[in-house]
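Asker: Got a structure for you, questions after.
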Amino acid sequence: MIGFSNTWLYNSFIYDLEVNEDYIESQADNLLGMLYPYLTDLVKNQYRELFPKYFG
């Protein structure tokens, strides 16, 4: 779970992961996904419009 906290960048160096654009995007997507259940209905609708790939 430490990989999804605010220390994910440091964690990537500990485990010698390659930090590139795809890795950063993946980590950002995971963090945004964990916030989704806590959003208001209005913001959930806006989120779905911004990130349709998550909702098939």
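Asker: Given the criteria open to solvent by 90 Å² or more (accessible area, probe 1.4 Å) and hydroxyl-bearing (S, T, Y), does Y23 qualify?
Answerer: no
Asker: List, please: which pairs have Cβ atoms under 6 Å, are six or more places apart or on different chains, and start with a residue in the range 29-53 that is assigned to a helix (DSSP H, G or I) and end with one that is open to solvent by 70 Å² or more (accessible area, probe 1.4 Å)?
Answerer: N30/F4; R48/F55
The values are calculated or read from the model by the stated rules, or taken from the named source; none is laboratory data. Everything quoted here is computed from the prediction, not taken from an experiment. Every residue, glycine as well, gets a Cβ built from its backbone with ideal geometry; the counts of neighbours run over all protein chains shown. Heads up: the accessible areas ignore ligands, DNA and RNA and are worked out on the full protein's heavy atoms, side chains in. Shrake-Rupley method; radii C 1.70, N 1.55, O 1.52, S 1.80 Å.
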